[in-house]
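The values are calculated or read from the model by the stated rules, or taken from the named source; none is laboratory data. No experiment lies behind these values; they were computed from the predicted model shown. Ideal geometry is used to build each Cβ from the backbone, glycine not excepted, and the neighbour counts take in all protein chains shown.
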Amino acid sequence: MLKKFLWFSRHPADEREAVILSAAYQRALTATWAGLGLFLFFVSPLSGVMRSVGLDHAVVLLEAVLFASMFAGWTAVRREHLEFVPVSHKGRLAFWNLALIWLAATFAGMLPIFVAPRLFYVSIFGVFVVYVLSAMVWAANWTKSYTLHSRILATFLLPFQTVGFLLEPKAGLARRMLLTLVLTVGVIGVPLAIWVPFMNNVASASGFSGPIVPGIGDGLGFHPIIADYRLVGGLQEGDIVEFGSYYPESNVKMQMHDNFLYGRVNSITGDSVSVEVEDAHGTSSDGREPDIIRIIDDHHTQEVSRGDIFAKVILDAPLSHWLYR
Amino acid sequence: MSEIQSKLKDFRAKLDLTQEELAQKLGVTRQTIIALEQAKYQPSLELAWRCSRLFRVPIEDVFSFIN
């Protein structure tokens, strides 16, 4: 019965279905007008109530009205026999083609990890774009027999869910919901599962949004970088590096542990590296609850051994500021 | 209370047609044939005409109006 909840996606198969769907649209329209009327009653100065509603709440309320309209229409069709709407794909092969594209995109997106770490964010973004666009194409193709408005909704708003939901169109609703969930979670999970083992080579954004030490911080909450742990080409003077060492307590009047420091290499003498520290992340334990903190612009020079240097840092990776703004 | 009763089932039996076959000939779904035979749906004038032409009888022989 619930599968008819998407009644508005159907073209009437004949005149009887046209009559049934017409009644459904009438009820939906009535619900829409009633919902909008109620909404306007609370926000309009004409009613005298004039409650101010934020944009977020307004969107939720309008979605609730839309949902109520769908439900109202469903009450007209729920006991009626409606023809099965054919899905324009020929079985699972169509899905495996899509999966192949996703897998190829995922592996192609991994390449920059090995050849051009600076493009790591670009590749992530590119893979995501390939996922979405290919899902949109598949969703649009599979919904040819559906009404235009539901096809647009399915293609542009819910492409992954549409592919999952229509994968086995004759299966029960529970199985179709499960497939939708698996596919939607999989789209997030597969790249993660493939990427994470390789993340030791390239760390993605080093994000610290904890409180910044008063008086030292500049208000930045996030620091989008790529740290290349392979140290390709070895260390050079002028490199920005990530390293672990104890932050001198006297400078900040607090104790830090598990800290990572960022700085620029001044000079290299044998195993000893002189680094101008520019940035430090770590956990403070100054008597209060341990908290991740970030200290910036507290320049000092520190001598560390080569073994303490973890990675070379790329600060201006393309898209990083846009993706992690 | 008024309703339209049909003798669609009798005429279909005379022509030895299944519901599916009749539906195809009339350009409707099988569910509509079921609904017509059970008097749960009142056909449009066009569909009534198509039925009468298929069975070569007047409309009122297939469908009767009961008030």
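Could you check, for segment A:27-45, whether at least one of its residues is modelled with pLDDT of 85 or more and under 23 Å from B:PRO43 (Cα atoms)? Yes, segment A:27-45 has at least one match. Residue count for segment A:1-59, restricted to those that are more than 14 Å from chain B (Cβ to nearest Cβ) and either touching a Pro at 6+ places or on another chain (Cβ under 6 Å) or of a type in the set (D, E, K, R) (or both): 4. Taken together, A:GLY244, A:GLY282, A:GLY263 contain a single residue that is surrounded by 16 or more Cβ atoms within 10 Å (Cβ to Cβ) and at pLDDT 65 or above, which is A:GLY263. Residues that are of a type in the set (Lys, Arg) and surrounded by fewer than 17 Cβ atoms within 10 Å (Cβ to Cβ) within segment A:5-55 comprise just one, A:ARG51. Inside segment A:75-105, residues that are small (Gly, Ala, Ser), closer than 20 Å to A:MET136 by Cβ and touching a residue at least 40 places away in the same chain (Cβ under 8 Å) make up a count of 2. Scanning segment B:36-55 for residues that are crowded, with 19+ Cβ neighbours inside 10 Å and without any contact (Cβ under 8 Å) to a residue 12 or more places away in the chain yields a total of 1. Checking A:PRO224 against (1) within 17 Å of A:ILE314 (Cβ to Cβ); (2) modelled with pLDDT of 80 or more; (3) of a type outside the set (Gly, Ala, Ser), only one condition comes out false. Which one? Every condition holds for A:PRO224 apart from (2). Of the residues in segment A:79-93, at least one is at pLDDT below 85, surrounded by 11 or more Cβ atoms within 10 Å (Cβ to Cβ), in a helix (DSSP H, G or I) and out of contact with any strand residue (DSSP E or B) (no Cβ under 6 Å at 6 or more places or on another chain). Being outside any helix (DSSP H, G or I) and under 29 Å from the mean Cα position of the chain (by Cα) is a property that A:VAL49 lacks. Counting only helices (runs of 4 or more DSSP H) that sit completely within segment B:23-62, those holding 2 or more residues that are more than 10 Å from chain A (Cβ to nearest Cβ) correspond to B:45-55, B:59-62.
This table checks each residue for (1) closer than 17 Å to A:VAL19 by Cα; (2) of a type in the set (Val, Ile, Thr).
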{"position": "B:LYS14", "(1), (2)": "no, no"}
{"position": "B:GLY27", "(1), (2)": "yes, no"}
{"position": "B:ALA39", "(1), (2)": "yes, no"}
{"position": "B:LEU45", "(1), (2)": "yes, no"}
{"position": "B:VAL57", "(1), (2)": "no, yes"}
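Scan segment A:100-124 for residues that are of a type in the set (A, V, I, L, M, F, W, C) and either crowded, with 16+ Cβ neighbours inside 10 Å or in contact with a Gly (Cβ under 7 Å, 6 or more places away or on another chain) (or both) and jot them down.
Within segment A:100-124, A:ILE101, A:TRP102, A:ALA105, A:MET110, A:ILE113, A:LEU119, A:PHE120, A:VAL122, A:ILE124 meet the criteria.
Which residues, counting only those in segment A:117-154, are within 30 Å of A:PRO318 (Cβ to Cβ) and over 18 Å from the mean Cα position of the chain (by Cα)?
Correct list: A:PRO117, A:ARG118, A:LEU119, A:VAL137, A:TRP138, A:ALA139.
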